[in-house]
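This report refers to the structure that appears directly beneath it.
Every number in this text was worked out from the coordinates using simple rules, so none of it is lab data. Note that the structure is a prediction, hence the values are computed from the model and not measured. No Cβ is skipped: glycine too gets one built from the backbone with ideal geometry, and neighbour counts run over all protein chains shown.
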Amino acid sequence: LLTGVEDPQSLWALEVSPQTFDILGVPPLHGRLFRPGDFNKESPPVVIIGYRFWQRHFNGDTALIGRQILLDGQGYTVAGIMGPDFMFHRPGFEVWVPLNPFRTVKEDLKTSFSGMARLRPGATIEQAQREMDAIAPAIPKAPGDSKDWHALLRPYADEYVGESRRALYILWSAVLFVLLIACANAANLLLARASNRRREFAVRASLGAGRWRLVRQVIAESLLLGMIAGVAGAALGSGLLRALHALSPARRSLNRSDAPSLTPAALWVTLAVVLATTVLCAIPSCWDLWRSNLSAGLRASSRSTSADRASRRTRSVLVAFEIALSVTLLIG
């Protein structure tokens, strides 16, 4: 229980061993990490706090380092403050204190422990599991406990994602299908636009413009449309995330580091997707422009040409592809 502030709050605190933050390899935003001396029985209690906890209760005051906060009525000196992206063990934990090695066996039975290790270079989880299978039976048992210890090793990513992995894969598959449907639709519209501009391209070709220059023009125009759509999509996504946070009944938990957000990594992925889809959508138009007889298009005027018929066939294929993807997505 955090007291001594305007809004006392129950919170989850995690006791950690001296090597925990060294294994994680994450430096603090302010202050320091735990030192071996912090785990001595005579040492004054110290605590490391999370970024959102710091912002929520202390308004981001950097002078908090070295001061005391009251946890369960006992004063803890704030040693360090972790960064905004740091989360360890569970999203609900925002306070970390040194592990108390001086408990009695009776007190230990009321506490759950979990261990964390870093594999040495070249080692596999299977090798580590075999070593732990040999070590675990030698761990001392509590009085009256007839069961042997067993150890189960799991990758930290699996522990964090848990049962959400399958749902995330399904969600990503649905997103990919929607993206392909949108690409087919955009490619069809660009191809129709290019067909209507065939006479313009024929005039430019007759004035000396090469096919590669005309293709570059189509790609540049598609890239401009793609960038506009990407910026609009990122802005819409940011707004929808804020709306979901406000409407969520678990919005208190969404204020922590597990809340979905538009990180720089997500924006870089968005940029890469915009570039890839722009090229993908421009391919039918560029291919139609590259293989068509531009001089014939200039002579044909308003008459239908073989290039026009080929363009219509390509657009029909894109429409069929789009409908097939839509039906598959709907069934899925």
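Things to note:
- Straightening the chain between TRP149 and ALA182 buys 6.4 nm, computed as 0.36 nm per residue apart minus the Cα-Cα spacing.
- At an R0 of 56 angstrom, the distance between the Cβ atoms of LEU330 and THR124 translates into a FRET efficiency of 0.85.
- Under the Karplus curve 6.51 cos²θ - 1.76 cosθ + 1.60, θ = phi - 60°, whole-Hz ³J(HN,Hα) for the range 266-274, x wherever Gly or Pro sits: 5, 5, 5, 4, 4, 4, 5, 5, 4
- Gain in span if fully extended, LEU1 to TYR169, counting 0.36 nm per residue against the direct Cα distance: 56.6 nm
- Per-pair calculated FRET efficiency, R0 = 35 Å: LEU275 and ARG197 via Cβ, rounded to 0.05: 0.90
- Distances between placed amide hydrogens fall under 5 Å for MET87 paired with no residue 5 or more residues away or on another chain.
- Computed from backbone phi, the HN-Hα couplings of the range 190-205 come to 5, 5, 4, 5, 5, 5, 5, 9, 4, 5, 4, 5, 5, 5, 5, 5 Hz, rounded to whole numbers (Karplus: 6.51 cos²θ - 1.76 cosθ + 1.60, θ = phi - 60°; Gly and Pro given as x).
- Computed extension length for MET116-GLN217: 30.8 nm, one decimal, from 0.36 nm per residue of separation with the Cα-Cα distance subtracted.
- Amide hydrogen neighbours beyond the local backbone of LEU29, cut-off 5 Å, H modeled: ILE81, MET82, GLY83
- Extending 7 Å from the Cα toward the beta-carbon at both ILE323 and SER43 defines two label points whose distance is 7.1 nm.
- Less than 5 angstrom separates the built amide H of ARG197 from none of the residues sequence-distant by 5 or more or on a different chain.
- Cα-based convex hull volume of the range 159-218 per residue, rounded to whole Å³: 85
- Peptides 272-281, 202-211, 225-234 ranked from most to least packed by the mean count of surrounding Cβ atoms within 10 Å: 272-281, 225-234, 202-211.
- The residues neighbouring GLY4, those whose beta-carbon lies less than 13 Å from its own, together hold a net charge of -2 under the Lys/Arg +1, Asp/Glu -1 convention.
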